[in-house]
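J.: Please find one structure pasted underneath; my questions will follow.
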Amino acid sequence: MGRIPGAVWRHHLRTLTRRIEGTTMNKKLPIAVSTGVLTLALVLTGCADNSTAPSSESTSPSQSSSTSAANEADEMFVTMMIPHHEQAIEMADMLLAKDGADARVVELAEQIKAAQGPEIDKMLGWLEDWGVEYDPDSMGGMDHGSMGGDDSMMSEEDMTMLERADAVEANSLFLEQMIVHHEGAVDMAQTALDDAQNPDVLELAQQVIDDQTAEIATMQELLGQL
């Protein structure tokens with residue numbers, strides 16, 4: 001049965017009610033007819049109720065998922081950026097272990113750790129959501145060129161130099177190495193913006209570009225002041 005507007009069914013209901021009351025008082029309306037009229041009134045009422053009842057489907061808000069589809073570029077960016085971030089934190093720890101390091105460089109190293117640690121956890125969670133196995137031992141030998149060229153990971157020799165440097169030498173060396181490291185991350189993030197599709201990945205890629213571009217400028221300024 002089609003939906004009946006509320007004003008129409010109320011008019012019919014009042015009319016039927018008056019008829020029932022009048023014919024009942026005159027005792028001229030057969031019981032069967034009276035029952036049928038009441039049934040029709042109830043049907044009309046039901047139609048009107050249905051026409052005004054909110055639909056649970058229409059009012060249910062759409063749910064966004066953190067497991068949005070990921071393409072190859074999404075997975076590549078995340079699996080490459082995790083070890084890249086991990087090395088940045090390792091470099092920061094080396095600088096922070098130096099007694100007498102410049103306070104401004106120390107502050108920057110702490111800032112890098114505070115930003116990139118949570119990002120690593122976030123990216124590991126995405127890989128788990130996507131069902132992608134992450135093997136950190138296999139990352140070192142992978143070709144990072146598909147993420148925008150050289151990702152500027154430090155070599156073992158570079159890391160050893162930073163570790164063995166005294167506080168004064170470490171200030172400049174850390175900044176020089178981290179500038180190159182950040183530039184590689186920005187390149188990787190730009191490639192992700194071009195090729196990835198996952199909203200979370202795209203948001204992180206833009207954040208990497210914004211944050212690390214600003215940090216590069218800060219480090220270049222600090223180098224000129226040391």
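J.: For a footprinting-style exposure proxy, rank V186, V168 by other Cβ within 10 Å, fewest first.
T.: Fewest-to-most ranking of V186, V168: V168, V186.
J.: Sorted from fewest to most neighbouring beta carbons within 10 Å, what does the list D195, D210, D135 look like?
T.: If I rank by nearby Cβ atoms, fewest first, I get D135, D210, D195.
J.: Bin all alpha-carbon pair distances of segment 72-225 at 5 Å intervals from 0 and give each bin's fraction as a whole percent.
T.: All Cα pairs, binned at 5 Å, distribute as 2, 9, 20, 22, 20, 13, 8, 4, 1, 0 percent.
J.: Something else now. May I ask you to sort M76, M178 by Cβ crowding, counting other Cβ atoms within 10 Å and putting the fewest first?
T.: Details: M76 20, M178 25.
Lowest count first: M76, M178.
FYI, it's all coordinate maths here, none of it is from the lab. On a predicted model such as this, the values are computed, not experimentally measured, just so you know. So basically every Cβ, Gly included, is an ideal-geometry build from the backbone, and we count neighbours across all protein chains shown.
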